[in-house]
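A short reminder: the numbers here are calculations on the coordinates, not readings from a lab. Owing to the predicted nature of the structure, the values given are computational and were not obtained by experimental measurement. Note: ideal-geometry Cβ built from the backbone for every residue, glycine included; neighbour counts use all protein chains shown.
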Amino acid sequence: MNDTYILGIETSCDETSVSIVKNGVSEIATVVLSQMDTHAKFGGVVPEIASRMHIESITQVLEECLNKASMTMDDIDAIAVTYAPGLIGCLLVGVTFASTLSYIYNKPLVPVHHIIGHIYANNLKNRLEFPLISLVVSGGHTELVYMDKDYSFKKIGGTLDDAVGEAYDKVARVIGVSYPGGPKVDYLAHIGKDTYELPIPLDDDTYNFSFSGIKSAVINLVHNEEQRGNEIRKEDLASSFQNRVIEILVKKTMKAVKEYNVNNIIIAGGVSANLGLRERLTKECDNNNINLLIPDIKYCTDNAAMIASAGYYAYKLGIITDIDLKARPNFSMY
Ligand code: KG4
Ligand code: ZN
């Protein structure tokens, strides 16, 4: 069988990325241009600046990726692009660029949902084994997903309010940690002690999550301590917050594994880079003889390799669109 090379394009937020992946599993070359330093000055992603920066760099990022792979567009079988969800202006840049390439080079255009991309980031490490439970933890999503085969997604639970990454970013801001908050709170949590009393978020029998309560508890605690003239021990608060969050994520994931009778867990999304979560889930899976697949850190946050990997399975299933593909900022994958 001939090899299939997918060119992936990702511009949904603040990373401009192009990648070439062979047969959905082997990364040939990836270029990720992060805009983080620019947005850090504003304390978060500024949508207009993000889309402008994508426009300025996307052609260069493609050229660099092709050079790195020693390939040309003639070697590419199909173009996969993130069309949903994300910032509308940012998605539009990737979608328009991919549609144009598809038209000029006469290559099939494959639409990929960003969260499906995050799930397939795992496939770049080891081929997914089914059935599995995926814990999706990103800046905009927190969900438990059941998959019994490629490209089949059943949501079994999700957040009722904030996504876990969003809660991390808000907690970071209130304890005075600069953007991007998540990784810094993770770092502080590792050097701190779990000494603050915080509620376990939505500790019930469902597969749903809720992080707004613990976020408000952190905000109230900080304000109360400030009013009393007490100093906050940032690392201890980070540790207490992180432990509560991880406890509930791991507890509900392990419950899903038992109830759905599966032996495989994967984690997906930016928060899968969290060291505490990786450690705790690894330990839990070892104790219960469950196979755990975790993406390499470089594939946890936004990148086009995961889009190209997901794009391969979509392409094989005939999920191909014409060049008037629309960007869908809030589209669900289910
Ligand atoms: O998946 P992602 O890159 O963007 C979305 O698709 O939403 O996830 C970004 C989120 C941010 O909220 C960021 O703070 C969080 O992932 N994040 C982390 C860590 N690394 C990134 N949260 C906790 N610990 C980390 N190490
Ligand atoms: Zn993402």
Notebook entry, point to check: Which whole-Hz couplings ³J(HN,Hα) result when phi for each residue of the range 191-208 is put into the Karplus expression 6.51 cos²θ - 1.76 cosθ + 1.60, θ = phi - 60°, listed in order with x for Gly and Pro?
Noted result: 9, x, 10, 7, 10, 8, 8, 9, x, 6, x, 6, 8, 10, 8, 8, 9, 8
Note to self: From Cα pairs below 8 angstrom and at least 6 apart in sequence, can you work out the relative contact order of the chain, rounded to a whole percent?
What the structure shows: 27
Checklist line | Magnitude of the charge dipole, the range 142-192, Cβ model with Lys/Arg +1 and Asp/Glu -1, debye to 20 | finding: 60
Margin query: Given Cβ point charges of +1 (Lys, Arg) and -1 (Asp, Glu) and nothing else, what value in debye, to the nearest 20, does the dipole of the chain about its Cα centre take?
Written below: 320
Check: aspartates and glutamates near Lys107 by alpha-carbon distance under 16 Å, same-chain residues fewer than 8 away left out - which ones?
Finding: Asp3, Asp74, Asp75, Asp77, Asp322, Asp324
Check: Quick one: if the Förster radius is 35 Å, what FRET efficiency do Ile104 and Thr38 give, using the C-beta to C-beta distance and rounding to 0.05?
Finding: 0.70
Notebook entry, point to check: Measuring from centroid to centroid over Cα atoms, what is the spacing of the range 233-264 and the range 194-230 in Å?
Noted result: 15
Item checked: All lysines inside 18 Å of Lys251 as judged from Cα atoms, apart from same-chain residues fewer than 8 positions distant -> Lys155, Lys283
Next item on the list: Express the relative contact order of the range 227-334 as a whole percentage, based on alpha carbon pairs under 8 Å and six or more residues apart in sequence.
Entry: 22
Check: Using the alpha-carbon atoms, what tilt in degrees (0 to 90, nearest 10) does helix 304-316 show relative to the longest principal axis of the chain?
Finding: 60
Next item on the list: Round to the nearest 10 and give me the degree value, 0 to 90, for the angle of helix 47-69's Cα axis relative to the longest principal axis of the chain.
Entry: 60
Check: So which aspartates and glutamates can Lys184 reach, going by Cα to Cα under 16 Å and dropping same-chain residues fewer than 8 places off?
Finding: Asp37, Glu166, Asp169, Glu235, Asp236
Next item on the list: Find the centroid of the Cα atoms in the range 286-304 and in the range 22-98, then give the distance between the two in whole Å.
Entry: 23
Notebook entry, point to check: When only Cα pairs under 8 Å and 6 or more residues apart are kept, what is the percent relative contact order across the range 127-294?
Noted result: 28
Check: Assigning unit charges at the beta carbon (Lys, Arg +1; Asp, Glu -1) and nothing else, what dipole magnitude in debye, to the nearest 20, does the range 11-117 show about its Cα centre?
Finding: 160
Margin query: Which residue fluctuates most in the GNM of the chain (Cα springs below 10 Å): Ala40, Ala314, Ala167?
Written below: Ala40
Check: So for the chain, taking the charge dipole from beta-carbon charges (+1 Lys/Arg, -1 Asp/Glu), which of Val245, Leu202, His39 sits furthest toward the positive end?
Finding: Leu202
Next item on the list: Name the residue, out of Gln60, Gln227, Gln35, whose mean-square fluctuation peaks in a Gaussian network model built on the chain with Cα pairs under 10 Å.
Entry: Gln227
